[in-house]
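Scroll down for the structure; my scribbles are underneath it.
The values are calculated or read from the model by the stated rules, or taken from the named source; none is laboratory data. As the structure is a prediction and not an experimental result, all values here were calculated from the model. Every residue, glycine among them, receives a Cβ derived from its backbone with ideal geometry; neighbour counts consider all protein chains shown. Calculation scope for accessible area: heavy atoms of the full protein, side chains included, ligands and nucleic acids excluded. Shrake-Rupley method; radii C 1.70, N 1.55, O 1.52, S 1.80 Å.
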Amino acid sequence: MRAASEKILRVGSKVSSTTMTAEKAVRYASSRCPFLHHNPGVVSATSTTSATSVLQPTAVRTIAKQCPVMHSVKTPGTDNIMRSFCSAARADYKAVHGSKTLNESSAESSDMCQRCPFSQKEGIETNCPVNSVLSPVNAESDEDLSGESSNFNYNEVINKEIEKKLEDSSYRTFRATSRNVDKYPEVTYHQPAVNYYSSSDEDKNLAECGSSMEMWCSNDYLGMSRHPEVMKAASDVLMASGVGAGGTRNIAGNGHQHEMLESEIADLHKKDSALLFSSCFVANDACLGLLGSMLPNCIYYSDADNHASMIQGIRNSRAQKRIFRHNDVEHLDELLGKDDSKAPKIIAFESVYSMCGSIAPIDDIAEVAKKHNALTFLDEVHAVGLYGDRGAGIAERDGLQDKIDIVSGTLAKAYGVIGGYIAADRNIIDLIRCYAPGFIFTTSLPPMLAAAARKSVQILKSTNEYREQHQAAAKYMIDRLSQVGIPVLPTESHIVPVFVGDADICQQISKDLMREHGMYVAAINYPTVPRGQERLRVTPGPLHSEEMMDGFVHALESCWKKYGLETVPQTNNASLRL
């Protein structure tokens, strides 16, 4: 209303009564106003020593017209425009944003406010992106308006970084679900129970609390988390030993269940020993970080598409690194050939790349490693339990286990529990056990989970039934998507990457599937994949029926049409094998 705009001008006049140069006014306004803040050209254009040329009326008015607060404040002079920008940091935001208009005489202003998604909403101070960036202060603030603040503005930096995520549609809002053991892949949706989100209510509340949804993006590929024998193994140890482990492996947390699980894993990968970690991210980070730092003048050769955990471990080692093009063995060989033949070398790569579904040429990489006397580190996270006669992964499937020096894997995906591990020769495992901080200084897994993981490994060692059902589901899904022209990136594995190529549309499709169809598949945006390569990562499994997959394809097809996305000619790239 008019009172709100009058207050802006009134407070603006108070600001102008201080000894503030025009240049400092610009600096102050740009630090508070998101529209100046995200248009640095306005600020840089004013950084001159001439008082008459400090303000650029055209540029400032252009930005003012974009501002939902200041757009309708009619001020005749440039000085008043700048005063208004400064006062925007001090206005009563609830009054401003809760009003239908800022100036009753302005039809344009009325239209602007009615279009504002935050108008007349509860929680304006936290929901409105203007407020979240400005962190408004009152007129009695001790901030020195005649110069820079005397204290570092933590919120300004933090809010700026969060704003970047909101602007490029890479901001992440978690979906709260409860898995239903008897009906999986059905899950129950819940409203958020946390308060750390900066996105709107629309992003957070996509369905009624307690409603049922189909899960289409879980890494519990085979549904082993709900296997009766796996749950019984956990229950038995829970009742016998309690919930927690009681300490690190070095003190009181080295349980019998941990050691039996490590022996099971070593046998799975046909290695001397194995070492258990809280996750495979920690396992990769700890192992690669330590080896690169312990081997003098070590050089890493890392696939360009490696997982963040491997990149982090290599970075933490502070060893030299070379990046070879994804799955390009010739490029790898070329890079190895350029370095000192006597230097220790480690080739780090994955078997199945989880975002594109490609499979590494393990045999060729192993041959190049042998040629240059390099160690091989193979991440089988998205392959263990799913490939090979006993579920040891792609290396087992292709008969190459003896050509790999170090294997890392997870117990949290195909095995349906939690934890990560490495398997290798005894002396390598002993080195990591004695020196790696990520292993030494963390509480070990609860014994009940170690027992559950061991049982899951044993079951999948003994049968191919679940793997065959899983591969059949992936093949059916890819075929059905191809029939309706929805683009699936070429995949050699069970991963079904549906290519969207736009961050915002990818997010919107994910929301629409939840809101309108009761189906949950997460949008995969930057930094998980490069910008422009956004996708939906679909993971059908043995518990998804063909009827369910048909329904998912139909729902996705309707979203494709809604957003005018291109379809592609039918292809058949579902040539999967165990």
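Structure data summary
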| read-out | value |
| --- | --- |
| Residue check for HIS331: of a type outside the set (S, T, N, Q) and in a helix (DSSP H, G or I) | yes |
| Residue count for the stretch 278-304, restricted to those that are open to solvent by 10 Å² or more (accessible area, probe 1.4 Å) and aromatic (Phe, Trp, Tyr) | 1 |
| Of all residues making up the stretch 418-471, the number that are of a type in the set (D, E, K, R) and in contact with a Phe, Trp or Tyr (Cβ under 8 Å, 6 or more places away or on another chain) | 2 |
| Test set (1) within 26 Å of the chain's Cα centre (by Cα); (2) farther than 19 Å from HIS269 by Cβ; (3) open to solvent by 60 Å² or more (accessible area, probe 1.4 Å) - HIS307 fails condition number | (2) |
| Output for the stretch 226-248, where each listed residue is over 22 Å from VAL187 (Cα atoms) and not in a helix (DSSP H, G or I) | GLY242, VAL243, GLY244, ALA245, GLY246, GLY247, THR248 |
| Candidate set from the stretch 224-256 (those that are of a type in the set (Gly, Ala, Ser) and open to solvent by 40 Å² or more (accessible area, probe 1.4 Å)); member that is nearest to GLY385 (Cα to Cα) | SER235 |
| Extreme residue, surrounded by the most Cβ atoms within 10 Å (Cβ to Cβ), among residues of the stretch 519-528 that are touching a residue at least 24 places away in the same chain (Cβ under 8 Å) and under 14 Å from CYS217 (Cβ atoms) | ASN525 |
| Any hit, the stretch 455-469, residues being within 29 Å of the chain's Cα centre (by Cα), assigned to a helix (DSSP H, G or I), of a type in the set (Lys, Arg) and closer than 28 Å to VAL282 by Cα | yes |
| Residue pairs meeting the criteria (Cβ under 6 Å; at least 6 apart or on separate chains; first within 16 Å of GLU566 (Cα to Cα), in the stretch 501-514; second crowded, with 18+ Cβ neighbours inside 10 Å and among the β-branched types (Val, Ile, Thr)) | CYS506/VAL500 |
| Meets criteria (among the hydrophobic types (A, V, I, L, M, F, W, C) and assigned to a helix (DSSP H, G or I)) for ILE486 | no |
| Enumerated strands (runs of 3 or more DSSP E) restricted to the stretch 340-412, each holding at least 2 residues that are open to solvent by less than 20 Å² (accessible area, probe 1.4 Å) and farther than 14 Å from LEU268 by Cβ | 345-350, 375-379 |
| Qualifying residue in the stretch 322-339 (condition: touching a residue at least 24 places away in the same chain (Cβ under 8 Å), crowded, with 23+ Cβ neighbours inside 10 Å and farther than 20 Å from ALA423 by Cβ) | yes |
| Neighbours by Cβ (under 6 Å, 6+ apart or cross-chain): first from the stretch 388-411, over 20 Å from LEU288 (Cα atoms); second surrounded by 18 or more Cβ atoms within 10 Å (Cβ to Cβ) and among the aromatic types (Phe, Trp, Tyr) | GLY393/TYR387; ILE394/TYR387; ARG397/TYR387 |
| Residues that are acidic (Asp, Glu), assigned to a helix (DSSP H, G or I) and either open to solvent by less than 90 Å² (accessible area, probe 1.4 Å) or in contact with an Asp or Glu (Cβ under 9 Å, 6 or more places away or on another chain) (or both), drawn from the stretch 162-183 | GLU163 |
| Cross-chain or 6+ apart pairs with Cβ under 9 Å, the stretch 481-497 first and over 14 Å from SER354 (Cα atoms), then of a type in the set (D, E, K, R) and surrounded by fewer than 19 Cβ atoms within 10 Å (Cβ to Cβ) | LEU481/GLU557; VAL484/GLU557; GLY485/GLU557; GLY485/GLU566; ILE486/GLU557; PRO487/GLU566 |
| In the stretch 355-380, residue modelled with the lowest pLDDT [restricted to those that are of a type in the set (A, V, I, L, M) and over 24 Å from GLY292 (Cβ atoms)] | MET355 |
